[in-house]
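*Asks:* Here it is, the structure in full.
The values are calculated or read from the model by the stated rules, or taken from the named source; none is laboratory data. Bear in mind the structure is a predicted one, so any value in this text is a computation, not a measurement. In this analysis, Cβ positions are derived from the backbone assuming ideal geometry, glycine residues included, and neighbour counts consider all displayed protein chains. Remember, those area values only see protein heavy atoms, side chains included, never the ligands or the DNA or RNA. Shrake-Rupley method; radii C 1.70, N 1.55, O 1.52, S 1.80 Å.
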Amino acid sequence: MSTEKPSDKLDRIVAQAHRARDEREKGYRERALKMYPWICGRCSREFTRENLQELTVHHRNHDHDFNPADGSNWELLCIYCHDNEHSRLIDSGYGETAIDAQKTDVTHNPFANLGAMLKGKKS
Ligand SMILES: [Zn+2]
Ligand SMILES: [Zn+2]
């Protein structure tokens with residue numbers, strides 16, 4: 001007999017996914033911290049055990065699943081420089097996103113036939 005609700009099952013799946021992601025991130029973070037000096041690659045701020053949580057691992061190719069053993073895809077950045085790094089890329093990619101949104105509008109516009117429908121009613 002099972003008293004498990006579907007939402008409990010979903011919660012568990014989500015929790016498992018989070019745990020797997022956390023473990024994976026912890027794995028490469030620890031490896032990167034062992035491999036590189038605790039210094040931000042952008043602003044050269046130095047870190048100690050006390051503030052180490054503000055030092056993050058950036059993936060140079062932005063693929064968090066690409067973690068070669070030689071650490072060539074990792075760069076240690078403080079949380080501020082890491083934020084900058086990503087917002088810079090989001091900014092430069094904004095044009096593409098806008099074009100994609102336009103395309104989507106044209107193909108999935110729910111009002112595309114509205115003009116024709118209104119015309120049809122009037123005549
Ligand atoms: Zn920094
Ligand atoms: Zn990053």
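*Asks:* For the range 3-14, indicate whether the set of residues that are surrounded by 10 or more Cβ atoms within 10 Å (Cβ to Cβ), within 16 Å of ligand 2 (Cβ to nearest atom) and either touching a residue at least 40 places away in the same chain (Cβ under 8 Å) or farther than 15 Å from Asn73 by Cα (or both) is non-empty.
*Replies:* Checking the range 3-14: not a single residue is surrounded by 10 or more Cβ atoms within 10 Å (Cβ to Cβ), within 16 Å of ligand 2 (Cβ to nearest atom) and either touching a residue at least 40 places away in the same chain (Cβ under 8 Å) or farther than 15 Å from Asn73 by Cα (or both).
*Asks:* Which of the residues spanning the range 15-51 are open to solvent by 80 Å² or more (accessible area, probe 1.4 Å) and touching a helix residue (DSSP H, G or I) at 6+ places or on another chain (Cβ under 7 Å)?
*Replies:* Matches in the range 15-51: Arg42 only.
*Asks:* With the requirement that a residue be buried (at least 19 other Cβ atoms within 10 Å of the Cβ) and near ligand 2 (Cβ under 10 Å from one of its atoms), what does the range 59-80 give you?
*Replies:* Hits for the range 59-80 are Trp74, Glu75, Leu77.
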